Amino acid sequence: MLDSNGDILLIKEYRSEYDMSFWKIPGGMVDPNESLEDAAKREVFEETGIQAEMLGLLGVKECRNYAFD
């Protein structure tokens, strides 16, 4: 999520439970049988409209039985 200038791509997200916005790196859930690379590209595109390529891995957080909102 770096551009040619070395700038990091962040998105601003509003969280109602905290009544505030914050900046975060695009990300999301990996679908069944989807690779981490495919999931990362899909999530970046869904959240920003930008076609990205994967250069490396920043981090992984595993949550089981997670439900949105």
Count neighbours as other Cβ atoms within 10 Å of each site's Cβ, and list the trypsin sites (Lys or Arg not before Pro) in the chain that are DSSP loop with at most 12 such neighbours. 61, 64
Let me know the longest stretch in the chain that avoids all GluC sites (Glu not before Pro) found in a DSSP loop with at most 13 other C-beta atoms within 10 Å. 35-52
Taking all pairs of distinct alpha-carbon atoms in the chain, Kirkwood radius in angstrom: 13.6
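Taken together, the values in this text are just the output of simple stated rules run on the coordinates, not laboratory data. Bear in mind that the values here come from a model prediction, so they are computed numbers and not experimental data. FYI the Cβ positions are ideal-geometry reconstructions off the backbone, even for glycines, and counts take in every protein chain you see.
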